[in-house]
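The values are calculated or read from the model by the stated rules, or taken from the named source; none is laboratory data. Small disclaimer: the values here were computed from a predicted structure and weren't measured. Here the Cβ is made from the backbone with ideal geometry for all residues, glycine too, and neighbour counts use every protein chain on show.
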Amino acid sequence: MFRFLVLLTGCVVLCAGYKVEPKCGENEEYTDCKLTCPPEVCFSISAFYDCEDAEPCTKGCACKPGYLRKNIDTPCIPTCKCPQRINAPECQDKE
């Protein structure tokens, strides 16, 4: 019993500083400061959002640079796959 308590106490001391980040989806990365305005959706490419300068950050998964979501609850896709960018010259296949 004593060994179990020593082991448990040791783990509490050592494991307390261990930080586990949540598993993020494809084309996402974990961040300690995720802003919600403007939202990371395709529509934000062509819409105007009146975001507050002092918006608080939240921890969580965010799309990697160059990726957005079609909807708030869908996976991150390349911005050129967004309907708002599909005909942009820089999004055309260069063959």
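Checking C76 against (1) under 12 Å from the mean Cα position of the chain (by Cα); (2) of a type outside the set (K, R); (3) modelled with pLDDT under 80, which test does it fail?
In the conditions (1) under 12 Å from the mean Cα position of the chain (by Cα); (2) of a type outside the set (K, R); (3) modelled with pLDDT under 80, C76 misses (3) alone.
Which residue pairs have Cβ atoms under 7 Å apart, sit 6 or more places apart or on different chains, and have a first residue in the stretch 27-56 that is of a type in the set (K, R) and a second that is surrounded by 14 or more Cβ atoms within 10 Å (Cβ to Cβ)?
Note: pairs meeting the criteria are K34/G60; K34/A62.
Is it true that some residue in the stretch 56-69 is in contact with a Cys (Cβ under 7 Å, 6 or more places away or on another chain) and at pLDDT below 85?
No - not one qualifying residue is present in the stretch 56-69.
Which pairs have Cβ atoms under 7 Å, sit 6 or more apart or on different chains, and link a residue in the stretch 70-95 that is under 13 Å from F43 (Cβ atoms) to one that is among the hydrophobic types (A, V, I, L, M, F, W, C) and exposed (fewer than 13 other Cβ atoms within 10 Å of the Cβ)?
Matching pairs, first to second residue: none at all.
Can you name every residue in the stretch 18-70 that is under 10 Å from the mean Cα position of the chain (by Cα) and of a type in the set (K, R)?
Listed by number, the residues that qualify are K34, K59, K64.
Of the conditions (1) modelled with pLDDT of 65 or more; (2) of a type outside the set (A, V, I, L, M); (3) surrounded by 11 or more Cβ atoms within 10 Å (Cβ to Cβ), C11 clears all except one; give me its number.
C11 satisfies every listed condition except (1).
Which residues, counting only those in the stretch 48-95, are in a helix (DSSP H, G or I) and of a type in the set (K, R)?
Quick first cut of the stretch 48-95, residues in a helix (DSSP H, G or I) only: 79-81, 89-91.
Listed by number, the list holds a single entry, K81.
I'd like to verify a number: residues in the stretch 26-47 that are exposed (fewer than 11 other Cβ atoms within 10 Å of the Cβ), part of a loop (DSSP other than H, G, I, E, B) and in contact with a strand residue (DSSP E or B) (Cβ under 8 Å, 6 or more places away or on another chain), how many?
Qualifying residue count, the stretch 26-47: 1.
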